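The values are calculated or read from the model by the stated rules, or taken from the named source; none is laboratory data. Nothing here was measured: the structure is a model prediction, and the numbers come from that model. Cβ: placed from backbone, ideal geometry, glycine included. Neighbour counts: every protein chain shown.
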Amino acid sequence: MDKNIANLPLKRIDGTETSLATYQGKVLLLVNVASKCGLTPQYEGLEKLHEQYQGQGLVVMGFPANEFGAQEPGSDAEIQEFCRSNFGVAFPMFSKLVVKGPGQHPLYHYLTHTQPDTWFPPHSEFRARLEKYGMKRETLHEVHWNFEKFLVSRQGEVVGRFSPDTTPDNPEFKKALEAELAK
């Protein structure tokens, strides 16, 4: 893992300090999440991935962000309670951060610039729907919306970027995930 990115300071949702170096040698799935989004039910699928694959080295990581329609307005404590009580989330959750625009966290700058291309499921109309509502990306590197997923190899390389409407049980997504876990 790139030392610069591995050692970026992160804060867990409970306020404790950490970094990606803690997860060295694991396959990481980093997801910007929100509690009041139409995609919020994906928490259930993300938790299933966590339960199914953590023994093989997967770490699902939730990064609450409020840049899209102010759909994550709560405090870290409120977000944590919501995720646990509604979806039984046990995977690591982190303190709310900025994933695009002014104040973008260095982690998301790295992720989006290392992997600017986003995979969308075949026949996805998600990007067109966002654009219809004036939600067009300013640059190629921006996160599209809540629940965009970044897959990071055991070596710390960003090997995949999946659209917000790519569900955790999508066959192509799972194929990419399982291929990384098998390495």
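One line per residue, one yes/no per condition, for (1) under 21 Å from Pro168 (Cβ atoms); (2) part of a loop (DSSP other than H, G, I, E, B); (3) modelled with pLDDT of 95 or more:
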site	(1), (2), (3)
Lys36	yes, yes, yes
Tyr43	yes, no, yes
Leu46	yes, no, yes
Tyr53	yes, no, yes
Val59	yes, no, yes
Gly69	no, yes, no
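Would you mind finding the one in Glu72, Glu131 that is touching a strand residue (DSSP E or B) at 6+ places or on another chain (Cβ under 7 Å), more than 18 Å from Leu29 (Cα to Cα) and acidic (Asp, Glu)?
Among Glu72, Glu131, only Glu72 is touching a strand residue (DSSP E or B) at 6+ places or on another chain (Cβ under 7 Å), more than 18 Å from Leu29 (Cα to Cα) and acidic (Asp, Glu).
Name, by its number, the condition in (1) at pLDDT 95 or above; (2) under 13 Å from the mean Cα position of the chain (by Cα) that does not hold for Val89.
(2) is the only condition that Val89 fails.
In region 42-58, how many residues are free of Cβ contacts under 8 Å to residues at least 24 places away in the same chain and farther than 11 Å from Leu181 by Cβ?
0
Name, by its number, the condition in (1) over 15 Å from Leu151 (Cα atoms); (2) charged (D, E, K, R); (3) in contact (Cβ under 8 Å) with a residue 12 or more places away in the chain that does not hold for Asp117.
Against the list (1) over 15 Å from Leu151 (Cα atoms); (2) charged (D, E, K, R); (3) in contact (Cβ under 8 Å) with a residue 12 or more places away in the chain, Asp117 comes up short only on (1).
If you take the residues of region 105-119 that are surrounded by 16 or more Cβ atoms within 10 Å (Cβ to Cβ) and either in contact with a Ser or Thr (Cβ under 8 Å, 6 or more places away or on another chain) or modelled with pLDDT under 90 (or both), which of them is farthest from Asn32 (Cα to Cα)?
Selected residue: Trp119.
Inspect all residues belonging to region 125-133 and state whether any of them is under 15 Å from Leu49 (Cα atoms) and of a type in the set (Lys, Arg). It would help to see each step written out before you state the result.
Going through region 125-133, the residues under 15 Å from Leu49 (Cα atoms) turn out to be none.
So far as region 125-133 goes, no, none of its residues is under 15 Å from Leu49 (Cα atoms) and of a type in the set (Lys, Arg).
Take region 8-43 and flag every residue that is exposed (fewer than 14 other Cβ atoms within 10 Å of the Cβ), within 23 Å of Gly160 (Cβ to Cβ) and not hydroxyl-bearing (Ser, Thr, Tyr).
Scanning region 8-43 gives Gln24, Gly25, Pro41.
Take region 126-138 and flag every residue that is surrounded by 11 or more Cβ atoms within 10 Å (Cβ to Cβ), more than 18 Å from the chain's Cα centre (by Cα) and assigned to a loop (DSSP other than H, G, I, E, B). Spell out the reasoning first.
Going through region 126-138, the residues surrounded by 11 or more Cβ atoms within 10 Å (Cβ to Cβ) turn out to be 126-127, 129-131, 135-137.
Then keep just the ones that are more than 18 Å from the chain's Cα centre (by Cα); that gives 129-131, 135-136.
Scanning region 126-138 gives Met135, Lys136.
Return the residues of region 156-176 that are touching a Pro at 6+ places or on another chain (Cβ under 9 Å) and not hydroxyl-bearing (Ser, Thr, Tyr); say none if nothing qualifies. It would help to see each step written out before you state the result.
Going through region 156-176, the residues touching a Pro at 6+ places or on another chain (Cβ under 9 Å) turn out to be 161-163, 165-167, 170, 172-174.
Across region 156-176, the qualifying residues are Arg161, Phe162, Asp165, Asn170, Glu172, Phe173, Lys174.
Given (1) in contact (Cβ under 8 Å) with a residue 60 or more places away in the chain; (2) surrounded by fewer than 21 Cβ atoms within 10 Å (Cβ to Cβ); (3) more than 22 Å from Thr18 (Cα to Cα), where does Asn86 come up short, assuming only one miss?
Of (1) in contact (Cβ under 8 Å) with a residue 60 or more places away in the chain; (2) surrounded by fewer than 21 Cβ atoms within 10 Å (Cβ to Cβ); (3) more than 22 Å from Thr18 (Cα to Cα), only one is false for Asn86: (1).
Mind telling me which of the residues Phe82, Phe91, Phe63 ends up being among the hydrophobic types (A, V, I, L, M, F, W, C) and assigned to a loop (DSSP other than H, G, I, E, B)?
On the way: Phe82 fails: assigned to a loop (DSSP other than H, G, I, E, B); Phe63 fails: assigned to a loop (DSSP other than H, G, I, E, B).
The unique qualifying residue is Phe91.
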